Amino acid sequence: MRHNDQNQAPVLEALENYHRSGELGFTPPGHKQARGADPEVRRILGDAVFHGDVLASGGLDDRRTRGNVLQRAERLMAEAVHAEHAYFSTCGSSLSVKAAMLTVASPHEKLLVGRDAHKSVVSGLILCGLRPIWVEPAWDPERHIAHPPSAEAYERAFQEHPDARGALVTSPTPYGSAADVAAIAEVCHRRGRPLVVDEAWGAHLPFHPDLPTWAMDAGADVCVTSIHKMGSGLEQGSVFHLQGGLVDPADLASRADLLGTTSPSVLLYAGIDGWRRQMVRHGHDLLTKTLKLAADVRTEIERIDGLHVNDADDFCGPGRAAEFDPLPVVIDLRELAVSGYDAADWLREHHHIDTHLFDHRRISAQLTHADDHDTTDTLLTALRDLVRHAPELRPAPRVDVPDPAGLRMEQACLPRDAYFAPTEDVPLASAAGRIAAEMITPYPPGIPTVLPGERLTEPVLRYLRTGVEAGMNIPDAADPGLSTVRVTAEKTRN
């Protein structure tokens, strides 16, 4: 039941009032409502960007924020998505998930974490000094893809580590496969432990029943969403939501304040606020049309020789995912004998189409409520042309993907300890057996293959070497070309 007027948009309304009242700021930002911005920048960006860039306090609201502009917007968001509390972040879900982790566990304490977590989670482990207990994803050996860990996997991890302070699961994945969040929450709550869901790819889930279950509805305690991914907010706009009594709201707000910026972007707040109102008003209808569009696109792609669209039959079932989001249109290129890296580059060069994800055998075209038949017809035309030109892209470079056992390495020390240890760069060929001091992350989707503190193995190094040779992008490595790997320095022997 709604108690607040969801037609309101407090941030947008306050911004409109700011301009209507003719406020004159002798404060940051220094461009002073575009007047000081470079003319060429104004020409390219437009003045609206600068007009929306005001101080959150002492601009949008008064110096003591007595208008409660942000707080009112957050209350409306919480109510709209069935949470008890909502917190806006202008530093992306990368910050939000770190705040949630720091609230659930303290330095040196254990946290159960799915090993398919985003690099932002690993960054949180490094910053916070938490002790990760890795929970293995559900691995599909035929398709070489990981789905979220099962509730049974979390149950086993808690049995082995009953002192773990809570759990974190990523759902849905960037490929659209979702966990049984309700079952994982039950595993946690039976022990009085909270569940954090990194639902960065699921901001749209509360607004349509034919999508995977929204984490708050499934009983999660904290849920992190990226409004810019599947919503229509601006890049870096994120919200984290809270319910239940296992996580203190004041503690969560304090951790977010500890990590966040003291100069939040009102532009991002406005984007989040307006998106929430848009979804409450029109979300069901917009997403109904998008789901129909996605179904049509999937059918048409499946008719193109050499292309296969992964669907629920591919991704869901025993030993795989629990639910499936069809809006990331994941296209398997194995029959086409073209790598996802080459296909993505070709589509950008020849059709100016940027794909959402790409790996050694797949590309993904992310659909949202912003798409229509014009955009998808352009996509289909490009894909048909890709197939015609596939012989030019063959043979697909070989990428030596290990089996699940071969992908996993010993966590020889805490990620924090390895990251801050004295380091040295060693040739890739001699790195096996050494302890990694850096993350090595194929991007996108940003799930680290190597974590600080893991003892490197030949199968993983071979996978990364052949991946880079095939076109894999690993921007966070000290040497993105992987001629060398950063490892902890060995003690000098006398």
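Take every Cα pair under 8 Å in the chain that's 6+ residues apart, average their separations, divide by the length, and report that relative contact order as a whole percent.
RCO, the chain: 14 percent.
Quick one: how many Å² of residue 373 are accessible to a 1.4 Å probe, rounded to 10?
Taking all protein chains as shown, residue 373 has close to 110 Å².
Could you give me D for segment 172-310, from Stokes-Einstein at 4 °C and 1.567 mPa s, where the hydrodynamic radius is the Kirkwood radius over C-alpha pairs? Units µm² s⁻¹, please.
On the way: Rh = 16.9 Å.
For the chosen part, D equals 77 µm²/s.
Project the alpha carbons of segment 179-248 onto their principal axes and report the range along each, largest first, in whole Å.
38, 28, 15
Roughly how much of residue 229 is accessible, in Å² to the nearest 10, using a 1.4 Å probe?
50 Å²
Quick one: accessible surface of residue 160, probe radius 1.4 Å, all protein chains present, in square angstrom to the nearest 10.
So the heavy atoms of residue 160 present about 130 Å² to solvent.
R0 = 30 Å: FRET efficiency of residue 289 with residue 354, Cβ-based, nearest 0.05?
Once rounded, the FRET efficiency stands at 0.85.
For labels at residue 63 and residue 186 in the simple 7 Å Cα→Cβ model, what's the distance in nm?
A separation of 5.6 nm, rounded to one decimal place.
Positive end of the dipole of the chain, charges at C-beta (+1 Lys, Arg; -1 Asp, Glu), about the Cα centre: which of 148, 183, 69 has its Cα farthest in that direction?
Checking the options against the dipole of the chain, the answer is 69.
Figure the gain on full extension for residue 254 and residue 31 (residue separation times 0.36 nm, minus the Cα-Cα span) and round it to one decimal in nm. Intermediate results must be reported in sequence, preceding the final value.
Working: separation 223, 0.36 × 223 = 80.28 nm, distance 3.09 nm.
Result for the pair: 77.2 nm of gain on full extension.
State whether segment 297-400 is rounded, prolate or oblate according to the following rule on the C-alpha gyration tensor (a ≥ b ≥ c being the square roots of its eigenvalues): a/c under 1.5 gives rounded; otherwise a/b larger than b/c gives prolate, and the remaining case gives oblate.
Values: a/c = 1.81, a/b = 1.15, b/c = 1.58.
Judged from the Cα gyration tensor, segment 297-400 comes out oblate (a/c at least 1.5, b/c at or above a/b).
Chymotrypsin sites (Phe, Trp or Tyr not before Pro) within segment 23-124: which are DSSP loop residues with at most 15 other Cβ atoms inside 10 Å?
26
Over the chain, what is the percentage of antiparallel beta bridges among all DSSP beta bridges, to the nearest 5?
Taking every DSSP beta bridge within the chain, about 65 percent pair in antiparallel fashion.
Rg/Rh for the chain to two decimals, with Rh computed the Kirkwood way over all alpha-carbon pairs.
On the way: Rg = 23.3 Å, Rh = 24.0 Å.
Radius of gyration relative to Kirkwood radius: 0.97.
Using the Cα centre as the reference, give the magnitude of the dipole from point charges on the C-beta atoms of the chain (Lys, Arg: +1; Asp, Glu: -1; all else neutral), rounded to the nearest 20 debye.
Dipole of the chain, to the nearest 20 debye: 1140 debye.
Taking amide hydrogens as modeled 1.01 Å from N in the peptide plane, which residues meet the under 5 Å criterion relative to residue 150, leaving out close sequence neighbours?
For residue 150, the qualifying residues are 138.
Ranked highest first by the average count of other Cβ atoms within 10 Å around their residues, in what order do 471-483, 141-153 fall?
141-153, 471-483
Could you give the dipole magnitude of segment 91-188 about its Cα centre, charging the beta-carbon of Lys and Arg +1 and that of Asp and Glu -1, in debye to the nearest 20?
Rounded to the nearest 20 debye, it is 460 debye.
With +1 on each Lys and Arg Cβ and -1 on each Asp and Glu Cβ, and nothing else charged, work out how big the dipole of segment 393-492 is about its Cα centre, in Debye to the nearest 20.
180 debye
Tell me which of 333, 402, 363 sits at the most positive position along the dipole axis of segment 315-439, charges placed on C-beta atoms (Lys, Arg +1; Asp, Glu -1).
402
Pop out the ³J(HN,Hα) list for segment 152-160 in order, Karplus 6.51 cos²θ - 1.76 cosθ + 1.60 with θ = phi - 60°, rounded to Hz; leave Gly and Pro as x.
5, 5, 5, 4, 5, 5, 5, 4, 7
Ignoring any ligand, DNA or RNA, what whole percent of the accessible area of segment 177-305 comes from carbon and sulfur when the probe is 1.4 angstrom?
49 percent
Taking the Cα centre of each part, how many Å lie between segment 331-403 and segment 64-90?
Here the answer is 40 Å between Cα centres.
When you take every Cα atom in segment 124-179, what is the radius of gyration, and what is Dmax, the widest Cα pair distance, in Å?
When restricted to the Cα atoms of segment 124-179, Rg and Dmax are 12.7, 37 Å.
With n ≥ 4 as the cut-off for DSSP H runs, can you work out [θ] at 222 nm for the chain, using -39500 (n - 2.57) per run divided by the number of residues, rounded to the nearest 500?
The per-residue figure over the chain is -11500 deg cm²/dmol.
Considering every pair of different Cα atoms, what Kirkwood radius, in Å, is found for segment 376-482?
Result for segment 376-482, one decimal place: 15.5 Å.
Rg to Rh for segment 56-212: what is it, with Cα atoms only and Rh by Kirkwood?
With Rh from the inverse mean 1/r over Cα pairs, Rg/Rh is 1.02.
Are any of the pairs 32/229; 98/229; 98/289 more than 28 Å apart by Cα-Cα distance, and if so, which?
32/229; 98/289
How much of the accessible area of segment 419-494, in percent, comes from carbon and sulfur atoms when a 1.4 Å probe is used?
50 percent
Subtract the Cα-Cα distance of residue 483 and residue 210 from 0.36 nm times their separation in residues, and report this length gain in nm to one decimal.
Stretched out fully, the residue 483 to residue 210 stretch lengthens by 93.6 nm.
When ligands, DNA and RNA are left out and all protein chains stay put, how many square angstrom of accessible area per residue does the chain have with a 1.4 Å probe? Kindly include the intermediate steps, with their values, before the conclusion.
Values: 21530 Å² over 494 residues.
Spelled out: the 1.4 Å probe surface of the chain, per residue, equals 44 Å².
If you take the beta carbon distance between residue 430 and residue 161 as r and set R0 to 41 Å, what does 1/(1 + (r/R0)^6) give as a FRET efficiency, to the nearest 0.05?
Taking R0 as 41 Å, the efficiency between residue 430 and residue 161 is 0.75.
What FRET efficiency comes out for residue 75 versus residue 372 if R0 is 35 angstrom and r is the Cβ-Cβ distance? Round to the nearest 0.05.
0.60
With the convex hull built on the Cα atoms of segment 1-124, state its orientation-averaged projected area in nm².
11.7 nm²
Ranked from the most accessible area to the least, with a 1.4 Å probe and all protein chains present, what is the order of 31, 352, 308, 241? Please report the intermediate quantities before stating the final value.
Details: 31 25, 352 155, 308 55, 241 5 Å².
The ranking, largest first, comes out as 352, 308, 31, 241.
Please work out how much length the chain gains when fully extended from residue 262 to residue 82, using 0.36 nm per residue of separation minus the C-alpha to C-alpha distance, in nm with one decimal. The partial results should precede the final answer.
Values: separation 180, 0.36 × 180 = 64.80 nm, distance 2.83 nm.
Here the segment from residue 262 to residue 82 would lengthen by 62.0 nm.
The values are calculated or read from the model by the stated rules, or taken from the named source; none is laboratory data. Here the structure is a predicted model, which means the values were calculated and not measured. Cβ sites come from the backbone with ideal geometry, for glycine too, and all protein chains shown count toward neighbours. Each accessible area value is taken on the protein alone, full model and side chains, heavy atoms only, with ligands, DNA and RNA left out. Shrake-Rupley method; radii C 1.70, N 1.55, O 1.52, S 1.80 Å.
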